[in-house]
Amino acid sequence: MIPFPAISFPARLCALLLPALLLLPVPALAGGGWHGGNFFGFSVTLPLAFGFPPPLYAPPPPPVVYVPVPQPAPAAPLATRTSPTYLGPGGRYCRDFRMPGVVGGRPATLVGTACLDPDGQWRVTG
């Protein structure tokens with residue numbers, strides 16, 4: 001008599017359960033989700049197996065285009081007051097100022113006088 005080889009417990013369990021698993025209907029072995037499958041490679045499309053309609057596929061959304069945010073215009077150069085406010089011609093308050101600027105394509109220091117208009121705005125007068 002040929003001795004039966006020593007087989008581990010998991011191998012014996014698989015040898016006993018394999019025929020039983022092969023006799024079960026495929027949907028019983030299917031996993032969750034729309035498309036199931038089992039350990040042995042069987043698969044079933046569940047919507048067809050259980051009467052659900054197939055999933056509807058929509059076209060992909062259009063690609064996202066990022067538009068750069070427009071940058072604000074650079075601020076006007078700040079003027080420096082070079083004299084205290086005084087009463088100028090026509091009874092208006094005036095100030096002398098100095099500010100950086102460009103003349104003929106070269107940086108220069110601009111000097112002038114600004115007076116306060118009745119509407120509350122400072123206007124360059126000279």
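Just so it is clear, none of the values below were taken in a lab; they were calculated from the coordinates. Computed from a predicted structure; not experimentally measured.
Remarks
- Between amide H atoms placed 1.01 Å from N, distances below 5 Å from Thr125 occur with Thr113, Ala114, Cys115, all of them 5 or more places distant or on a separate chain.
- Amide proton proximity set for Leu110, modelled H, under 5 Å, gap of 5+: Met99, Gly101
- Residues with amide H under 5 Å from that of Gly88, placed H, sequence gap 5 or more: Tyr93, Cys94
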